[in-house]
Amino acid sequence: MTRRNWAGNVTYSARRHHRPESVDELRRVVAGSDRVRAVGSGHSFNRFGDTTGDLVSLAGLPQEVTLDRDRSTVTVPAAMRYGDLATRLHAEGYALANLASLPHISVAGAVATGTHGSGERNGNLATAVAALELVTADGDLLTVDRTADGDTFDGMVVSLGALGVVTRVTLDVVPAFTLRQEVRLGLPREALEPALGAAYSVSVFTDWRSPLLREVWIKQRAELPPPPADWLGTTVADRPRHPVAGMPAEHCTPQLGVPGPWYERLPHFRLGFTPSSGAELQSEYHVPRAAAVSALAALDGLADRIAPVLQVCELRTVAADRLWLSPNHERDSFAIHFTWIADADAVAPVVAAVEERLAPLAPRPHWGKIFGIAPAAVAAVWPRHADFAALAARLDPAGKFRTDLFDRYVPTTRSGAVG
């Protein structure tokens, strides 16, 4: 049976597929394999998660969710979708501080790639991780946590799946809260800076066909006043919108300023709808937050090349963190996300041109998207890159969890020293 990722642009190479129903069964699979990777919801657009050996789905593991009110944490199965977790948390009066635009993605997969939402004070989803349970290369079960393991823990959270198969994740939780979401149209480019910091979470959408930024999605805490009608020269959307022009707005979370629970406003899309057909490719680059205006100016000269192969471009902010391979490691970030048409041949040269224009700003690519930045340039923009390579070699000396793409971007010598 042929298995592909969600977008259909990656056909998995695994010779065997497994769906263990217990952690002990998973441990036996890992211990007996020479090459093994876990697969989640498949919302990755490259081959970091591909393997020629054993591909393991964790969907069959026990789905127990444990809320610790004293520590303000929740421990969840790795394969659980954020949308499913959110509804259970809210029923108990708790929330996650932030969510990505899609509630359909799995917790472990999002954490391992540094996936994020938006908000100048909000870290990416991996920053909420307080502990991890994983099966290591020899089949042992290892638990690491933020308090006991300190700096090493910071290296193990955004792991690209290269340190073991994560089985359970412990996340920080906060009291449940209420948000309003509204859409504003036609943001002048000179108003981008104040717009990005104007609410709890802000997403700006552009199609590179107009000097105006097409839409601003404002997600503000309900107890705070809404922006005025003429906010930053925009106009109020008089009907719900979809980020991609022409797509049905009923797939999106409620807008028009109607207050609602955090998990029904932070994502752009409803859990009950497939966000699109999957007929798309995606790339994303994180540059220093202070370089937001410079980054857009650098890309202006490519507008006539970007627009024909683009569905939509989303601009967001992410707070700095300490996680070694996080795109936001030690710097507040401005994230430029491209949703491309599903034509790899047409998209590839435009991606290369975008990367060339952004190169002076030290862009960090999203690990789960399409990118072609040279490995040396990638290593240069992550200060702890060599430390992570050494950690991966120590925990997985035989390279059981390594893949061809991982070897290209995090190489090691046969002796296990950093290459």
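The values are calculated or read from the model by the stated rules, or taken from the named source; none is laboratory data. Not measured: the values here are computed from a predicted model. Here the Cβ is made from the backbone with ideal geometry for all residues, glycine too, and neighbour counts use every protein chain on show. In case anyone asks, the SASA skips ligands and DNA or RNA and just uses the protein heavy atoms, side chains included. Shrake-Rupley method; radii C 1.70, N 1.55, O 1.52, S 1.80 Å.
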Requested in this report: Obtain the radius of gyration and the Kirkwood radius of the stretch 311-389 from its C-alpha atoms and give Rg over Rh.
Outcome: 0.97
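Could you please report the charge total around residue 353, scoring K, R as +1 and D, E as -1 over all other residues with beta-carbon less than 12 angstrom from its beta-carbon?
Counting the neighbours of residue 353, the net charge comes to -1.
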Requested in this report: Tally up the carbon and sulfur contribution to the accessible surface of the stretch 151-296 as a whole percent, 1.4 Å probe, everything protein left in place.
Outcome: 59
Query raised in the report: Hey, got a sec? Which GluC sites (Glu not before Pro) in the stretch 8-65 land in a DSSP loop and have at most 12 other Cβ atoms within 10 Å?
Result: 21, 64
Report summary line: The farthest towards the positive end of the charge dipole of the stretch 1-55, of the residues 46, 22, 36, given +1 on Cβ of Lys and Arg and -1 on Cβ of Asp and Glu, is 46
Report summary line: Computed D for the chain, Stokes-Einstein, Kirkwood radius over alpha-carbon pairs, 20 °C, 1.002 mPa s, to the nearest µm² per second, is 98
Query - Within the stretch 1-113: Cβ-based charge dipole about Cα centre, in debye rounded to nearest 20 (Lys, Arg +1; Asp, Glu -1) - result: 460
Query raised in the report: Rounded, prolate or oblate: which fits the stretch 137-250, taking a ≥ b ≥ c as square roots of the Cα gyration tensor eigenvalues, rounded meaning a/c under 1.5, else prolate when a/b beats b/c?
Result: prolate
Report summary line: Per DSSP, the loop-located GluC sites (Glu not before Pro) within the stretch 301-377 having at most 14 other beta carbons within 10 Å are 330
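If DNA, RNA and ligands are ignored and the probe is 1.4 Å, what is the ranking of 357, 121, 394, 180 by accessible area, most exposed first? Provide the component values of the computation, followed by the final result.
On the way: 357 100, 121 220, 394 150, 180 25 Å².
The residues order as 121, 394, 357, 180, largest area first.
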Query raised in the report: What is the spread of the Cα atoms of the stretch 211-288 along each of their three principal axes, largest first, in whole Å?
Result: 38, 33, 28
Report task. Assign one of three labels to the stretch 235-358, namely rounded, prolate or oblate, based on the Cα gyration tensor with a ≥ b ≥ c the square roots of its eigenvalues; rounded applies when a/c is under 1.5, prolate when it is not and a/b is larger than b/c, and oblate otherwise. Result -> oblate
Report summary line: Under the rule rounded for a/c under 1.5, else prolate if a/b exceeds b/c, else oblate, using alpha carbon gyration tensor axes a ≥ b ≥ c, the stretch 1-125 is classed as oblate
Query raised in the report: What whole-number value in Å² describes the accessible area per residue of the chain for a 1.4 Å probe?
Result: 40
Query raised in the report: Using +1 on the beta carbon of Lys and Arg, -1 on that of Asp and Glu, and nothing else charged, what's the dipole of the chain about the Cα centre, debye to 20?
Result: 440
Report summary line: Carbon plus sulfur, as percent of the 1.4 Å-probe accessible area of the stretch 1-123, comes to 44
Query - the stretch 6-64 and the stretch 317-333: distance between their alpha carbon centers, rounded to Å - result: 28
